[in-house]
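*Asks:* Let me give you the structure first, and then I'll get to my questions.
The values are calculated or read from the model by the stated rules, or taken from the named source; none is laboratory data. Predicted, not measured: the structure shown is a model, and the values here were computed from it. Counting neighbours? That spans all protein chains shown, and the Cβs are built from the backbone with ideal geometry, glycine included. These accessible areas exclude ligands, DNA and RNA; they are computed on the full protein's heavy atoms, side chains included. Shrake-Rupley method; radii C 1.70, N 1.55, O 1.52, S 1.80 Å.
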Amino acid sequence: MMLFLAEEGAQNPLIPDTAELIVGLLCFFIVFGFLGKKLLPNIQKTLEERHDAIEGGLERAAEAQAEATRTLEEYKAQLAEARHEAARITEQAREQGAVIIKEMREEGQRQREAIIAAGHAQIEADRRQVTVTLRQEVGRIATDLAGKLVGESLEDNARQSRTIDRFLDGLDESAATAEAAR
């Protein structure tokens with residue numbers, strides 16, 4: 001082997017032989033052509049699909065984000081409207097409650113006044129009845145007493161009635177004078 005190297009002389013190991021260089025270039029162009037025709041379009045297609053998927057995904061994400069923002073704003077608006085409606089209903093309920101309370105107070109006041117008026121009327125009727133009964137009883141007692149004092153019977157109804165009325169009218173005047181004096 002050494003002989004072979006010696007015969008060739010000083011050949012540079014970095015520079016290949018011309019035949020090897022031609023075969024290597026031919027193989028390189030065949031592989032490069034194969035890669036350029038078959039593999040590179042598939043790689044390019046895959047890269048474009050990925051690019052579209054990424055860009056489309058970003059666009060879809062942006063659209064979804066915008067849609068979510070719109071939906072959120074709509075929900076916020078609906079919530080604000082619902083709160084406003086609830087406040088309005090609450091205020092109406094308060095107003096209706098105040099009206100009902102006022103009506104109930106007025107009705108209670110009317111009933112109280114009616115009860116008081118009925119009580120006064122009943123008291124007045126009872127007072128009249130007691131007065132009539134008392135007049136009759138006082139008249140009977142006064143007639144009996146006068147009969148015992150005079151010594152004769154005062155059975156005459158007309159005379160008895162006039163005597164009793166005069167006596168009671170005198171008592172009423174005395175009571176009125178005493179009342180006015182106070």
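*Asks:* Which members of segment 108-132 meet the condition of being open to solvent by 70 Å² or more (accessible area, probe 1.4 Å) and either not in a helix (DSSP H, G or I) or not basic (Lys, Arg) (or both)?
*Replies:* GLN109, GLN111, GLU113, ILE115, ILE116, HIS120, GLN122, ILE123, GLN129, VAL130, VAL132
*Asks:* Only one of GLN78, GLN122 is within 30 Å of ASP169 (Cβ to Cβ) and modelled with pLDDT of 90 or more. Can you tell me which?
*Replies:* Of the residues listed, the single one that is within 30 Å of ASP169 (Cβ to Cβ) and modelled with pLDDT of 90 or more is GLN122.
The rows are residues; the columns are (1) touching a helix residue (DSSP H, G or I) at 6+ places or on another chain (Cβ under 7 Å); (2) among the small types (Gly, Ala, Ser).
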| residue | (1), (2) |
| --- | --- |
| ALA93 | no, yes |
| ILE123 | no, no |
| THR133 | no, no |
| GLY139 | yes, yes |
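*Asks:* While we're here: Can you confirm whether SER161 is modelled with pLDDT under 80 and either open to solvent by less than 100 Å² (accessible area, probe 1.4 Å) or assigned to a helix (DSSP H, G or I) (or both)?
*Replies:* yes
*Asks:* Kindly evaluate LEU40 against the criterion of being under 30 Å from ARG162 (Cβ atoms) and among the aliphatic types (A, V, I, L, M).
*Replies:* no
*Asks:* Is it the case, given these coordinates, that GLU103 is exposed (fewer than 10 other Cβ atoms within 10 Å of the Cβ), part of a helix (DSSP H, G or I) and either on the phi > 0 side of the Ramachandran plot or among the acidic types (Asp, Glu) (or both)?
*Replies:* no
*Asks:* Just to be sure before I move on: is GLU49 modelled with pLDDT under 95 and surrounded by 10 or more Cβ atoms within 10 Å (Cβ to Cβ) in the structure I sent?
*Replies:* So GLU49 passes the test.
*Asks:* Filter segment 160-182 down to the residues that are among the β-branched types (Val, Ile, Thr) and under 11 Å from ARG135 (Cα atoms) and list them by number.
*Replies:* ILE164
*Asks:* Of all the residues that make up segment 8-40, how many are small (Gly, Ala, Ser) and either surrounded by 11 or more Cβ atoms within 10 Å (Cβ to Cβ) or touching a residue at least 24 places away in the same chain (Cβ under 8 Å) (or both)?
*Replies:* Total satisfying the criteria: 2.
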